[in-house]
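Here the structure comes first, spelled out in structure tokens, and everything after it is commentary.
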Amino acid sequence: MAATFVLRSLYRARPAFHCPPADPLWVPRRGHRLTPADDELYQRTSISLLQRESPHAMYIDSYSSRGFVVNGNRVLGPCALLPHSVVQWNVGSHQDITEESFSLFWMLEPRIEIVVVGTGDRTERLQSQVLRAMRQRGIAVEVQDTPNACATFNFLCHEGRVTGAALIPPPGGTVFTSLPQVAE
């Protein structure tokens with residue numbers, strides 16, 4: 001009991017640290033916007049890409065209705081992107097995707113973590129037994145339209161994930177180019 005009394009009196013006797021604001025007139029408000037005068041580091045940012053972080057990684061540079069440009073190489077028609085190679089993928093549409101057409105993804109070492117599937121200009125549902133077979137083998141499947149699948153694949157590769165892609169070119173005149181100019 002005596003110890004409790006001593007500790008309480010020491011706690012109450014401690015000095016209070018109170019720092020008054022440096023400038024009581026100016027207080028940052030929610031609507032305050034920074035101007036170059038407020039912050040000397042307020043500048044436009046520019047980035048120069050000198051070298052890819054991983055020179056052996058696969059990146060999709062562009063796509064069109066005829067195919068893809070992967071690491072500067074043109075690939076015509078549907079393709080399967082593996083960690084260090086590109087192969088033609090023998091499917092015509094999302095309806096042709098079977099368990100057998102995905103077999104190349106589970107035969108590889110190191111094991112692929114996720115396969116990004118691009119089904120053309122719209123996201124289409126794959127057969128449930130195909131998705132179940134991939135899940136049983138420990139491979140996640142992400143089904144998207146081809147433009148989003150390309151972006152997702154590039155993002156996952158940039159993160160260093162062991163990723164595969166199964167891509168069907170979007171029909172029509174759809175073209176995306178991230179390069180300054182791709183010769184047709």
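Taking a quarter of the surface of the Cα convex hull of the stretch 130-170, what do you get in nm²?
Details: hull surface 12.3 nm².
Mean shadow area of the hull around the Cα atoms is 3.1 nm².
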Practice problem: Quick one, can you get me the convex hull of the C-alpha atoms of the stretch 48-174 expressed as volume per residue in Å³? | Solution: 99
Practice problem: Estimate the FRET efficiency between Arg135 and Arg74 by the formula 1/(1 + (r/R0)^6), using the beta-carbon distance for r and 25 Å for R0, to the nearest 0.05. | Solution: 0.15
Quiz item: Between Arg125 and Asn90, how many nm apart are label points set 7 Å from Cα along the C-beta direction?
Solution: 2.8
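Suppose R0 equals 30 Å; then what is the FRET efficiency for Glu99 and Val162 from their Cβ-Cβ distance, rounded to the nearest 0.05?
Details: r = 21 Å, r/R0 = 0.69.
Computed FRET efficiency for Glu99 and Val162 comes out at 0.90.
Values quoted throughout were computed directly from the atomic coordinates according to the rules given, and no laboratory measurement underlies them. Predicted model only: the values in this text are computed from it and were never measured. Using ideal geometry, Cβ is built from the backbone for each residue, glycine included, and neighbour counts are taken over all protein chains shown.
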